[in-house]
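Student: Input: one structure, supplied below.
The values are calculated or read from the model by the stated rules, or taken from the named source; none is laboratory data. These figures come from a predicted structure and were not determined experimentally. As a convention, Cβ positions derive from the backbone with ideal geometry for all residues, glycine included, and neighbour counts pool all protein chains shown. Surface areas here come from the heavy atoms of the whole protein model, side chains and all, with no ligands, DNA or RNA. Shrake-Rupley method; radii C 1.70, N 1.55, O 1.52, S 1.80 Å.
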Amino acid sequence: SVNTNKPDLTGPRLLSAAIINPSDLVLTFDETLEKSLSINSFSISPAALITSASCTSISLREVKLKLNESLAERQLYTITINSLFDCAGNAIQENYNHFTFALPEVGEMGDLVISEILFNPYPGSVDFVEIYNLSEKYVNLKNWSFANQNEDSIYNEKEITVSDLIIAPKTYLVFSSNTKAVINLYPGSIEGNFFQTTLPSMNDDEGSIVLLQESQEVIDALYYSDKFHNPLLKDDEGVSLERIAFLEPTQNPNNWRSANA
């Protein structure tokens, strides 16, 4: 097996596009690229002129693009790559040569809300928390956290991610420790709206869940209870609580209802 010839016949894939400042973009790939790069290999839509392209890591898996002007806020961009090769000479894979991104803004209280929670899952399943972006902002959830709260005390804080995670305007994201387990319970789910992370503990009868910004500002908080469920339910195991109105107070018990089967 040591002497077997195993040539690299697979082209690189674009994994992410991260904005490090309004005029600099860093692209991450899954394998080592050729050393010589051309700005003509990259194009951004809506049009943004690229002035330079250079590898920024020793592994040659990251490319920094410099733009001639700052990107606009609240605008979704798409970068497309052609004629880019790995060190073995394979061209970038056609289905993995583009990525959408946006200039993130700081999320504030009222921008994002808790929209659904499951705190008493079926045996073998897990809790989940769903949030909704009410605003027109593209918000980066990097270094944000979920936590529990007791009066004014925040505890059991769990960081969502240390990488860029953008939630677009008017969209949902669902967080759980096992996304596949949740998706299996909801066959109509959109897999791209799920993100696997560690959540703080949520008791089966009552408790709290808090969404914290990177600066530790509370963005939204819910003290929940199984009494929020429809009283006609014989068993609320596996039944989530859904928010009825985004603009009504989170803590209003009448603003929550038991999810339909």
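Student: Only one of these is modelled with pLDDT of 95 or more and surrounded by fewer than 21 Cβ atoms within 10 Å (Cβ to Cβ): L112, L134. Name it.
Tutor: Result of the check over L112, L134: L134.
Residue-by-condition table, conditions (1) touching a strand residue (DSSP E or B) at 6+ places or on another chain (Cβ under 7 Å); (2) crowded, with 19+ Cβ neighbours inside 10 Å:
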residue: A91; (1), (2): yes, no
residue: F99; (1), (2): yes, no
residue: L103; (1), (2): yes, yes
residue: N143; (1), (2): yes, no
residue: D152; (1), (2): no, no
residue: P169; (1), (2): yes, no
residue: F175; (1), (2): yes, yes
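Student: Might you let me know whether the stretch 205-223 holds any residue that is surrounded by 13 or more Cβ atoms within 10 Å (Cβ to Cβ), free of Cβ contacts under 8 Å to residues at least 60 places away in the same chain and closer than 17 Å to W144 by Cβ?
Tutor: No: the stretch 205-223 contains no residue that is surrounded by 13 or more Cβ atoms within 10 Å (Cβ to Cβ), free of Cβ contacts under 8 Å to residues at least 60 places away in the same chain and closer than 17 Å to W144 by Cβ.
Student: State whether one or more residues within the stretch 125-133 are out of contact with any Lys or Arg (no Cβ under 7 Å at 6 or more places or on another chain) and over 21 Å from H229 (Cβ atoms).
Tutor: No, there is no match, as no residue in the stretch 125-133 is out of contact with any Lys or Arg (no Cβ under 7 Å at 6 or more places or on another chain) and over 21 Å from H229 (Cβ atoms).
Student: Another question, then. Just for the stretch 40-69: of the residues that are open to solvent by less than 80 Å² (accessible area, probe 1.4 Å) and assigned to a loop (DSSP other than H, G, I, E, B), which one is modelled with the lowest pLDDT?
Tutor: S57
Student: T80 fails exactly one of the following numbered conditions: (1) in contact with a Leu (Cβ under 8 Å, 6 or more places away or on another chain); (2) modelled with pLDDT of 95 or more. What is the number of that condition?
Tutor: Of the numbered conditions (1) in contact with a Leu (Cβ under 8 Å, 6 or more places away or on another chain); (2) modelled with pLDDT of 95 or more, the odd one out for T80 is (1).
Student: What is the residue count in the stretch 187-199 for residues that are in contact with a strand residue (DSSP E or B) (Cβ under 9 Å, 6 or more places away or on another chain) and open to solvent by 60 Å² or more (accessible area, probe 1.4 Å)? Step through it out loud before you land on a result.
Tutor: Here is the first cut: in the stretch 187-199, the ones in contact with a strand residue (DSSP E or B) (Cβ under 9 Å, 6 or more places away or on another chain) are 189-190, 193-199.
Next, from what is left, pick out any that are open to solvent by 60 Å² or more (accessible area, probe 1.4 Å): 190, 196, 198.
Number of matching residues: 3.
Student: Tell me, which strands (runs of 3 or more DSSP E) lie completely within the stretch 199-261 with 3 or more residues that are within 21 Å of the chain's Cα centre (by Cα)? Don't jump to the end; show me each part of the working.
Tutor: On the way: elements: 206-212, 218-225, 241-243, 256-258.
Those strands (runs of 3 or more DSSP E) span 206-212, 218-225.
Student: Output the number of residues of the stretch 1-39 satisfying the condition of being among the acidic types (D, E) and not in a loop (DSSP other than H, G, I, E, B). Step through it out loud before you land on a result.
Tutor: Going through the stretch 1-39, the residues among the acidic types (D, E) turn out to be 8, 24, 30-31, 34.
Remaining after also requiring not in a loop (DSSP other than H, G, I, E, B): 24.
Here the count works out to 1.
Student: Would you check if G238 is buried (at least 17 other Cβ atoms within 10 Å of the Cβ), farther than 27 Å from Y138 by Cα and not aliphatic (A, V, I, L, M)?
Tutor: no
Student: Against the definition (exposed (fewer than 15 other Cβ atoms within 10 Å of the Cβ), modelled with pLDDT of 95 or more and touching a Pro at 6+ places or on another chain (Cβ under 9 Å)), how does E157 come out, yes or no? Walk me through it before giving the result.
Tutor: On the way: exposed (fewer than 15 other Cβ atoms within 10 Å of the Cβ): yes; modelled with pLDDT of 95 or more: yes; touching a Pro at 6+ places or on another chain (Cβ under 9 Å): yes.
Answer is yes for this residue.
Student: Now a separate question. Name every residue in the stretch 161-189 that is among the hydrophobic types (A, V, I, L, M, F, W, C), closer than 18 Å to Y138 by Cβ and outside any strand (DSSP E or B), in order of residue number.
Tutor: Once the filter is applied, which keeps residues that are among the hydrophobic types (A, V, I, L, M, F, W, C), closer than 18 Å to Y138 by Cβ and outside any strand (DSSP E or B), the stretch 161-189 yields L165, A168.
Student: Tell me which strands (runs of 3 or more DSSP E) are completely within the stretch 106-160 and hold 1 or more residues being among the polar types (S, T, N, Q) and under 19 Å from the mean Cα position of the chain (by Cα), or say none if there are none. Explain how you work it out, then say what you get.
Tutor: Working: elements: 112-118, 128-133, 145-150, 153-159.
Answer list for the stretch 106-160: 112-118, 128-133, 145-150.
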